[in-house]
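Provided herewith is a single structure, encoded as structure tokens, for subsequent inquiry.
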Amino acid sequence: MENKKVLLKITDLKQYFPVGKSKSVFVKANDGITLDIYEGETLGLVGESGCGKSTFGRTLLQLYRQTDGKTMYYGASIDDLAPKYVKESVTHLERHRKELRQLEEKRNKLQAEYDAAEEKGKFHLHGELTAAKKKANDAYLNIVNIIGGFITVDDLAPVEQIYTERYHACLKLKRLLEDMKPIKLDYDEEAYVFAKYESGQRGYARHEAKTARLKAKVDACQERIDAARAKIKEIDLRIANMRAAYANNEEFQKHEANRDDGIDLARLTYPEVRILRSQMQYIFQDPYSSLNPRMTVASIIGEGLLAHKFYKKINERMQEEILKVMDECGLAPYFLHRYPHQFSGGQRQRIGIARSLAVRPKFVVCDEAVSALDVSIQSQIINLLQDLKEQQNLTYLFITHDLSVVKYISDRIGVMYLGNMVELASSDELFAYQLHPYTEALLESIPTTDEKKELVVLEGDIPSPVNPPKGCKFHTRCKYCTEICSHVVPEWRELRPNHFVACHHADDMLARREAKNEQ
């Protein structure tokens with residue numbers, strides 16, 4: 001996946017839900033997930049019910065605001081969005097750097113205690129040290145993601161000044177783009193009507209004049225937008241000149257490598273998330289309850305187009321777009337004014353897919369999108385999703401519990417257990433080399449027509465996400481468990497090319513798998 005562009009970069013994502021009114025007891029639905037999602041791929045996500053798959057998908061879209069971690073999105077420009085957290089990061093840089101140094105000192109002190117401790121003492125200190133490392137790293141990235149290697153300069157005042165100036169220039173651009181939307185909508189509507197008139201026809205001159213006036217407004221707005229972009233480029237040139245002065249400084253370059261132009265979804269305000277909502281959509285599991293029974297197909301599909309200001313009102317032009325989306329999703333034009341109860345389950349799911357894709361998203365979470373359908377219909381919907389992905393260059397997170405389905409549709413597969421990602425690899429790689437005992441158990445439990453293969457059922461109950469086991473969460477059901485598994489959380493590491501796993505015994509698993517594959 002080295003040559004593919006990262007669309008979402010997720011680091012240590014956590015999603016906790018309070019139990020009742022308690023402020024100290026939580027359901028740890030997602031408990032530290034780290035992975036990249038590449039543009040144009042289908043990432044399958046599997047695991048037993050209750051492992052946190054759906055929560056993960058909804059948290060990525062910020063339908064649930066994540067408790068902790070970073071979710072960097074690269075499908076939009078941070079300059080056009082101008083999020084508030086950028087201003088917060090560049091204000092009082094010296095104070096932020098002082099706080100960071102204090103966190104790093106605490107981390108280093110704990111590291112020294114950990115290094116000096118006996119083996120049992122290490123188990124005791126491991127959690128505290130991990131938390132200290134994370135807190136220091138988060139504080140570091142919040143600054144360095146934006147200013148890069150400038151964190152090393154002695155006097156941060158000029159850096160704070162120029163980045164604050166840049167933020168206000170980006171904020172001006174954002175407001176101009178927002179001002180442009182209603183004017184552009186008026187122009188598009190009028191231009192569409194005017195295009196239907198013939199020269200000399202009654203009303204032709206009136207519509208021609210109105211179209212021209214609106215076009216002039218659009219051009220004037222565009223000039224201001226272009227000027228704002230030019231201002232940002234001018235500031236960027238000044239920053240580049242400042243950066244060039246430190247180009248040969250090795251320490252500067254080390255931090256500069258962590259500069260990141262992505263948008264941190266976890267730090268956006270609700271209105272800022274709504275701006276990006278059209279780019280990240282959701283296909284629900286249940287095609288029955290996810291559609292409003294009082295709305296027609298036209299209203300269901302068109303709702304998002306109006307909410308995200310693709311069109312000003314329901315008219316002929318918008319109806320043409322709805323019919324186009326319906327055709328792409330295999331829905332007949334005469335369905336337009338029917339209600340959900342008049343359709344089969346497969347047709348309803350096609351309506352749900354059309355609703356999500358009408359706003360032309362870049363990333364779509366398919367949450368058990370075929371599990372509620374008859375087996376004969378599942379393949380049709382899966383093939384439809386595949387075709388739409390290729391036609392529109394979509395990126396999918398495909399959530400399912402069916403390993404046969406996920407193998408067919410996915411480029412890569414992630415395996416989740418009790419809120420954690422335990423293994424991640426390409427589809428073929430995962431089925432050839434299972435490096436985590438849980439993945440191995442899932443594959444061994446798949447029914448098969450091979451009489452020689454014994455069906456192995458994973459025994460034991462899934463522990464409570466409110467009080468999960470210490471160390472590796474799977475150790476209570478793992479046949480390879482040793483003492484370290486019950487004390488230390490396994491490291492998420494790359495054991496084979498693009499094959500990641502979190503298991504203390506993954507090396508032994510790999511050796512056994514290689515020996516078995518050679519037979």
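The values are calculated or read from the model by the stated rules, or taken from the named source; none is laboratory data. Bear in mind that the values here come from a model prediction, so they are computed numbers and not experimental data. All Cβ positions, glycine included, derive from the backbone under ideal geometry; neighbour counts span all protein chains shown. What goes into the accessible areas is simple: the full protein's heavy atoms, side chains included, and nothing from ligands, DNA or RNA. Shrake-Rupley method; radii C 1.70, N 1.55, O 1.52, S 1.80 Å.
Could you state the accessible area per residue of the chain in Å², with a 1.4 Å probe and every protein chain left in place?
Numbers: 26480 Å² over 519 residues.
For the chain, the per-residue accessible area is 51 Å².
Then there is this: What are the semi-axes of the equivalent ellipsoid of the chain, taken as the square roots of 5 times the eigenvalues of the Cα gyration tensor, listed largest first and rounded to whole Å? Please list the in-between numbers first.
On the way: eigenvalues 380, 261, 68 Å².
Its equivalent ellipsoid spans semi-axes of 44, 36, 18 Å.
Per residue, what volume in Å³ does the Cα convex hull of the range 222-307 take up?
Working: hull volume 14.2 nm³, N = 86.
Considering the Cα atoms of the range 222-307, their hull volume per residue is 165 Å³.
For D219 and A247, compute 0.36 nm times the residue count separating them, minus their Cα-Cα distance, and round to one decimal in nm. Please list the in-between numbers first.
On the way: separation 28, 0.36 × 28 = 10.08 nm, distance 4.04 nm.
Stretched fully, the D219-A247 segment lengthens by 6.0 nm.
DSSP beta bridges in the chain, what fraction antiparallel, as a percent rounded to 5? The partial results should precede the final answer.
Numbers: 28 of 45 bridges.
Roughly 60 percent of the DSSP beta bridges within the chain come out antiparallel.
I'd like the accessible area for R338, computed on protein heavy atoms only with a 1.4 Å probe and all protein chains in place. Round to 10 Å², please.
Solvent-accessible area, nearest 10 Å²: 90 Å².
So which of K21/K106; K5/K309; K174/K312; K28/K181; K21/K134; K23/K53 end up more than 31 Å apart by C-alpha?
Working: K21/K106 33 Å; K5/K309 28 Å; K174/K312 20 Å; K28/K181 41 Å; K21/K134 28 Å; K23/K53 24 Å.
With Cα atoms farther than 31 Å apart: K21/K106; K28/K181.
Once both labels are modelled 7 Å past Cα along the beta-carbon direction, what's the S49-K313 spacing in nm?
Taking the simple label geometry, S49 and K313 are separated by 4.8 nm.
Using only DSSP helix segments of four residues or longer, with each worth -39500 (n - 2.57), what per-residue ellipticity at 222 nm results for the chain after dividing by its residue count and rounding to 500? Before the final figure, lay out each step's value.
Details: 17 runs with 254 residues, N = 519.
Helices in the chain give a 222 nm mean residue ellipticity of -16000 deg cm²/dmol.
Okay, next question. Of the listed peptides 101-110, 324-333, 54-63, what is their order by residue-averaged count of other C-beta atoms within 10 Å, with the highest listed first? Could you put the intermediate results ahead of the total?
Values: 101-110: 14.2, 324-333: 16.7, 54-63: 21.5.
Highest mean packing first, the order is 54-63, 324-333, 101-110.
Calculate, in nm to one decimal, what V466 and A257 gain on full extension: separation in residues at 0.36 nm each, minus their alpha carbon distance. Working shown, then result.
Working: separation 209, 0.36 × 209 = 75.24 nm, distance 3.82 nm.
Full-extension gain reported as 71.4 nm.
Using 0.36 nm per residue of separation minus the Cα-Cα distance, give me the extension gain between D428 and K98 in nm, one decimal.
Stretched out fully, the D428 to K98 stretch lengthens by 114.0 nm.
Where in the range 1-82 are there GluC sites (Glu not before Pro) that are in a DSSP coil and have at most 13 other Cβ atoms within 10 angstrom of their Cβ?
Working: sites: E2, E39, E41, E48; in loops: E2, E39, E41, E48.
Answer by residue number: E2.
Between E165 and N393, how many nm apart are label points set 7 Å from Cα along the C-beta direction?
3.5 nm
Separate question: Would you mind classifying the range 320-362 by shape? Square roots of the alpha carbon gyration tensor eigenvalues, ordered a ≥ b ≥ c; an a/c under 1.5 is rounded, otherwise it is prolate if a/b is larger than b/c and oblate if not. Write out the running numbers ahead of the final one.
Values: a/c = 2.14, a/b = 1.39, b/c = 1.54.
In terms of gyration-tensor shape, oblate.
Now for a separate question. I'd like the FRET efficiency for K135 and E320, computed as 1/(1 + (r/R0)^6) with the beta carbon distance as r and R0 of 30 Å, rounded to 0.05. It would help to have the intermediate numbers written out before the result.
Working: r = 53 Å, r/R0 = 1.77.
Working from the Cβ atoms, E equals 0.05.
Sort 487-495, 398-406 by the packing proxy (mean of other Cβ within 10 Å over each peptide's residues), most packed first. Present the calculation step by step, with values, prior to reporting the outcome.
Values: 487-495: 15.8, 398-406: 19.7.
Per-residue Cβ counts within 10 Å, averaged per peptide and sorted highest first, yield 398-406, 487-495.
With the crude spin-label approximation of a point 7 Å out along Cα→Cβ, what separation in nm comes out for N383 versus E459?
For N383 paired with E459, the spin-label model returns 4.3 nm.
Kindly state, to the nearest 0.05, the FRET efficiency for E234 paired with S371, given R0 = 45 Å and r defined as their beta-carbon distance.
Details: r = 53 Å, r/R0 = 1.19.
The calculated FRET efficiency here is 0.25.
Another question, if that's okay. Share of the range 245-360's accessible area from carbon and sulfur, percent, 1.4 Å?
Working: 2800 of 5860 Å².
The computed percentage sits at 48.
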